[in-house]
1. Using a Förster distance of 25 angstrom, determine the FRET efficiency expected from the C-beta separation of Arg258 and Val186, and round it to 0.05.
2. From the residues Tyr43, Ala24, Leu10, which one has its Cα farthest along the dipole of the range 3-84 in the positive direction, the dipole being from +1 and -1 charges on Cβ of Lys/Arg and Asp/Glu about the Cα centre?
3. About the Cα centre of the range 420-620, how large is the charge dipole given +1 on each Lys and Arg Cβ and -1 on each Asp and Glu Cβ? Please answer in debye to the nearest 20.
4. Subtracting the Cα-Cα distance from 0.36 nm times the residue separation, let me have the gained length for Glu495 to Thr512 in nm, one decimal.
5. Tell me the label-point distance for the pair Glu422, Lys357, using the 7 Å Cα-to-Cβ offset, in nm and rounded to one decimal.
6. Take Gln205 and Arg149, extend 7 Å from each Cα along the Cα→Cβ direction, and tell me the distance between the two endpoints in nm.
7. Please report the net charge: other residues with Cβ closer than 14 Å to the Cβ of Ala99, K and R +1, D and E -1.
8. Hey, which of these cross-link pairs are over 24 Å Cα-Cα: Lys7/Lys56; Lys128/Lys640; Lys299/Lys349; Lys640/Lys877; Lys65/Lys357; Lys395/Lys864?
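Read-outs throughout are calculated quantities, based only on the coordinates presented, and are distinct from any laboratory measurement. Just so we're clear, the structure is a prediction, and the values are computed from it rather than from any experiment. Here the Cβ positions follow ideal geometry from the backbone for every residue, glycine too, while neighbour counts run over all protein chains shown.
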Amino acid sequence: MPTCRRKRVLLTEPSPVLLQALKADPNREVYYLARTGEIFDSYDTYAARMSFYRLKQFQCEVTGKSGLDYFQALESEQMEARTMHSRFPEQLKPAILKAVQWQVMGRLDHLVEAVYDRYKDRYFRDEKIYVDIQGDKFLARVVEVFPPRVNSSMAVDDHRPVASTSALPPPNASRPVHMIGGDLKVPAKEVNAADDPVKYLYKVQILEEEKSDGRDKHPASAKELRAKWSGSLMDVQCAVMSRDRLAFSKSILRRFIRDCVDRDAAVASPWTVKPPVATRYGVDSVMPEATRQGVEDIKKGEIQKRKKVWEDKEGPLKKPKKMTPAQEERDLPLIHHFTAKAAAVVAEKRDREARDKAEKQQHAKAEADRAAADKKKNKPIRYPTEDLDVVLTEKEKKGGMKIRRPTASRDLPWNDREGTFEAFLMSWNYLVVYGEPLHISSFTLDEYEHALRHSLIEPPCVLLAEVHACLIYNLRTIPFQRHSAVVSLMRLQEELETDDPELGVTIEQLITSMADVGNNWERHPLRSNEGRNGWEESLVGCLKDHATLETFPPLRRILTRLLFSPDAPVDPTGSSSDSRTSTPAAIHYTQPTAPGEAYHALPAEDRIAILSFMCNISVSSKAIHAHMETSEENLTALRKDKIAQNRARKQCIEERDALLGDAKNAVHAENGVEDDTPMNDLSDLSDISASEGGSESGSGKPSKSKDLRRKAQSQAHAKQRELARQKTATAKQAIAEHRRLDEEVGRLERRLAAIERDFRKLLGSIRVKPMGRDRFYNRIWWFDGMGSMSLLGSGGIVQYGSGRLFIQGPSSIDMELLDRREETYMRQRRLDEEGEDGMLGEGEWAVYSDIEEIDEFAAWLNPKGHRELALKNALTKWWPNMAPGIRKRLTDSNNVTQAPEARRSTRVKHSGADISRYPYMTWTNRRATNPPWS
């Protein structure tokens, strides 16, 4: 239960007026709060309660998180309770609940301590535990529990596990297991003396640990040891056994007991298991008479103890002086008179005090609510925060902050049929991501769309043939049930009273026509150099053995269209509003035909349904699973490589910055701050030579002052030139080193960018996630650069897959989060910030195809919110790869649009453009192989 100011928040009971109106006026309108089940008779009380719940002053009682509203705290408690119950050992629950039932303990901590000490060394059958073998812990399961012998005097000193039960005597299995240990009323010493957990014997089976992240954290020797013990049975005792800390600890046990038990507020009230929990785990909800008597005795003792403490504190009460019978008879009328008057005065005083107390409580509550509202209003908001709590200020609006999101286009292929566009997008993404194990080259989303719309027998579409053939080869490796489609149709025929024809063909006729088509599809060769000849018949055979009406609802309609031709020509690109018939009722398929001649007339939505079904089955193949495991291993290697490259880049940047600092210091020294060149040598020599010259001239000897001066000057100049040469060499070396470090940083950054692209490719092979969500929980998708498709081709050429940014409406869970907000306010806000045309329903799709639209969308995102900050960072990170792909797609689309006017076909019978020059017709499968079984 959420708490507010350390007190549990109790739900409001219906007022007496409402309870009376339930009998007198059952149709009276009330205000119902669905989240809590509370009922109010007026809007003011309903609004006041809702405002109280919306205050950010509640605390999650389980996690201790504060600053939440009531519904957030309640959701946090429910989530933590689900996590705790899923982790807590299921075998311990009944025993612990039976132990705490009817226990009288003042504090929950004392109860938790008693239960933990009692059960930490007691284990139950089928419980998963850890066994210590030679210093290594192994995951095991308790197969059987053997109580200690009643008359056994043998003491087991060695608690090491043994490989078989022959090393220990056969235990006494007739005694109940841990029956005395579960009674908390018996002291722990007596329990251990009568039912010592150390003497219990457990037969356990070593389990093979599951790999969580694909990495083996054990060395080779440990792996050999684990392989040796894996699956073996052994007899152990509690000294070498332990439970997972995440499943059983004092904190987990406290949360479990607090969630499952309750207690009244009266003195010395016992802890009782909640009725639904007691019913589920078989705990007796009727208190035994002996237990009831013990609880009553404890209550009386506690009350007497508190009464004695109060009397000692207040002092003994003075007893009234006893009156004589004559005084009682004389004062009786007067006593009755004053008693009645005093009772009236006391009653009036009591009513006045009750009114004053109610007014004070109401005033105090109003003051508290006002103070909480003021505190919330004045409390500064820490950004980023919940996106829906961020509201644009007037200053931001005047500063040019974009208010309305640009309207995304809903002009997507087959977007008017529910689920068809999603199936189309999913099948394309699957074929592109797993192109390597499927042996198929990547192709763009536009090429895939045009191929699905291809309705001509001549020229054939190579892309369609390759896609179906690669999936058929993959489905040959998956186990299937022979003639599963025929059995499903026969079962439907038995359930129907009359064999009503669909598209003019009965079930009997359909089953008859299926008999001789595609029977050897798993052995029929579909060679690439022969144009995958016969893939249509193999497709029918694949559907016959893999599909049923339960797993593939449109099976009957699609098989009818593949095995029968219509009375009148049908436009495969057209479709009706009914996705079940997809053709006018007047058209019937009555003429048997071969699948190779009928597939070209199959509507595009049926082709998408077939490919989507085949992709869903293909996921379970060994080739796809092996590719996923390889991708996980490569992801681990990329993570390590990224860490090493980042470390090297950081070191290069630090060295470059240090080099720049040294260069600045050198320039500073040249400007005169620090100068190591001695400037007084020449002047000193001049003075000395001048004095010597004067003395020599006086003596009449030839003067040597000029020679000394010239020698000193030449030495000084030579020293200066040497210093200048050294500085020049040092500067050149620094420039060269700086250039080298710059090049190294650039190389490392390019390597990191390549690692990010490879990381996206490998991660897309394991799971496809959206780039992020906006404030209204719309999911943003960018599908390029995943799996076998690269963002850059050979020579750095830009490549794209979809070349667009898709936006999908909120999921059902996100819609529930939106519905929890005030409906009127949220509706108006979505109208203001998304527009009537921009509001997407649950799961609806739209698209941004232009650079300008995506720029406006990025400008609309508000980084003050958690979701939009992460989305904006993701868009900024991938924009250098996203923008060129979008531009290239627009260029290619314009070229395709202009192509029909430039060239006309002279080789085909139909009039119009030569479609053989379209990109989807010129596509070739460079990964095509002929498997050995073909």
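1. 0.55
2. Leu10
3. 500
4. So the extension gain works out to 4.2 nm.
5. Calculated label separation equals 5.9 nm.
6. Rounded to a tenth, the inter-label distance reads 2.8 nm.
7. +1
8. Exceeds cut-off: Lys128/Lys640; Lys299/Lys349; Lys65/Lys357.
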